[in-house]
Amino acid sequence: MREISVSTRRREELVDITSSVENAVGATGIPSGLCVIYCPHTTAAITINEGADPSVAEDMVSGLRRLIPQGWDFSHMEGNSDAHIKASLIGTSETVIVDDGRLVLGTWQRVFFCEFDGPRKRVFFVKVLGRADTG
Amino acid sequence: MREISVSTRRREELVDITSSVENAVGATGIPSGLCVIYCPHTTAAITINEGADPSVAEDMVSGLRRLIPQGWDFSHMEGNSDAHIKASLIGTSETVIVDDGRLVLGTWQRVFFCEFDGPRKRVFFVKVLGRADTG
Amino acid sequence: MREISVSTRRREELVDITSSVENAVGATGIPSGLCVIYCPHTTAAITINEGADPSVAEDMVSGLRRLIPQGWDFSHMEGNSDAHIKASLIGTSETVIVDDGRLVLGTWQRVFFCEFDGPRKRVFFVKVLGRADTG
């Protein structure tokens, strides 16, 4: 397992972490298997989406903000319940296939660390499990 | 890893891909492990939900459309930011347990390819990683 | 694969299942790998979020209820389409890294069984796949 740091600069932001994940996968030397990218925080998440046009990530942030406004009446006193809900909706981890020693992403796909209650110093984990399949 | 094609017929649609996934799992001959069903597109997703009554899939499509209308004011100029957001909410992949050489789904569960910006020719990947556990 | 029972007491509720999952992982004796927690129901889900303050789980339930009200006009006649949609948004499973024979959760993270159409007797599955990586 590899732990990688990421610093976020805004309350809500998507940070492209694809290169770090690819380096971590390459370093294992595992030719074929599964790679899990895991977020150990409860107000952040991991997603995979388009990275070519940065407006997609911006629309994701603004769309989620519109969906679950921070100002909704919540019980949790820290004022970040919206961030906890967004984290569970987007999800704590992503699993990507490893083939020929590389992450198998679609043409437009990038891996993003999703900050919903920043700016903060954060980390994420990368774990690769390998074994040949016959399929 | 196996790549499987799927053609969608509407802008938003859930296509039951369970049989294709089961065939891909059977072809590996792996008795016990994990199966990942992965979508390499950024305006489509994979989910697991009820397949017995087709109205559940219809309600999923209409509910998501009501949640994130295509007409919201977005920056991305392709007019499909709603589809990108839905893709990240539903998720790029599903992981299912393989036991006795078969996908372990619940009684009512089926695996669906979720199209949010069709109709299009699409693909998805199936990867099985196997190893006995003692649990 | 281990099957574990859980009884829910309300229509919508998050039940902390972390201890059961940790016990199941410990029982496998696998030092390093991936653990999948899987929900075989279509109106329930698995998530990972904050467990220290129970108001976070309450806000999750109330926030999701506000997002997708049970009273929306749906086709499915059982009156639980909201629960099916919530199940797909939150997700059928979670994947957690296993290291040194233990689940690697963040400081505030707990694993929750999410009931969206209870109260009911439910089950979930825990599967651990192990193999050393070099990363």
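The values are calculated or read from the model by the stated rules, or taken from the named source; none is laboratory data. All values derive from a computational prediction rather than experimental measurement. Cβ placement follows ideal geometry from the backbone for every residue including glycine, while neighbour counts extend to all protein chains displayed. Remember, those area values only see protein heavy atoms, side chains included, never the ligands or the DNA or RNA. Shrake-Rupley method; radii C 1.70, N 1.55, O 1.52, S 1.80 Å.
A few points about this structure:
- Scanning segment A:97-135 for residues that are of a type outside the set (Lys, Arg) and under 17 Å from B:Gly33 (Cβ atoms) yields A:Ile97, A:Val98, A:Asp99, A:Val128, A:Leu129, A:Gly130, A:Ala132, A:Asp133, A:Thr134, A:Gly135.
- Subset of segment A:67-103 (residues that are farther than 15 Å from A:Thr47 by Cα, without any contact (Cβ under 8 Å) to a residue 24 or more places away in the chain and of a type in the set (A, V, I, L, M)): A:Leu67, A:Ile68, A:Met77
- Residues within segment C:45-93 that are in contact with a Cys (Cβ under 7 Å, 6 or more places away or on another chain) and hydroxyl-bearing (Ser, Thr, Tyr), tallied: 3
- Condition met for C:Leu34 (crowded, with 17+ Cβ neighbours inside 10 Å, facing chain B (nearest Cβ under 9 Å) and part of a strand (DSSP E or B)): yes
- Just so you know, in segment B:82-96 the residues that are part of a strand (DSSP E or B) and among the hydroxyl-bearing types (Ser, Thr, Tyr) include one that is farthest from B:Leu129 (Cα to Cα), and it is B:Ser93.
- Filter result for B:His76 (modelled with pLDDT under 95 and more than 12 Å from chain C (Cβ to nearest Cβ)): yes
- Qualifying position, being touching a Gly at 6+ places or on another chain (Cβ under 7 Å) and over 23 Å from B:Met77 (Cα atoms), among A:Ser93, A:Ser32: A:Ser32
- Single residue of segment C:99-113 satisfying the filter (within 15 Å of C:Ser20 (Cα to Cα) and part of a strand (DSSP E or B)) that is nearest to the other protein chains (Cβ to nearest Cβ): C:Gln109
- Members of segment C:59-77 found to be assigned to a loop (DSSP other than H, G, I, E, B), farther than 20 Å from B:Ala57 by Cβ and of a type in the set (A, V, I, L, M), listed by number: none
- Taking the criterion of being open to solvent by less than 10 Å² (accessible area, probe 1.4 Å), among the charged types (D, E, K, R) and closer than 22 Å to C:Phe124 by Cβ, no residue of segment B:95-135 qualifies.
- Long-range neighbours under 6 Å by Cβ, at least six apart or interchain, first residue farther than 14 Å from B:Val36 by Cα within segment A:20-37, second of a type in the set (Lys, Arg) and at pLDDT 95 or above: A:Ala24/A:Arg2
- Residue that is in contact with a helix residue (DSSP H, G or I) (Cβ under 7 Å, 6 or more places away or on another chain), open to solvent by less than 10 Å² (accessible area, probe 1.4 Å) and more than 21 Å from A:Val111 (Cβ to Cβ), where the choices are B:Val25, B:Val56: B:Val56
- Which numbered condition C:Ser75 fails, given (1) more than 21 Å from C:Asp99 (Cβ to Cβ); (2) open to solvent by less than 50 Å² (accessible area, probe 1.4 Å): (2)
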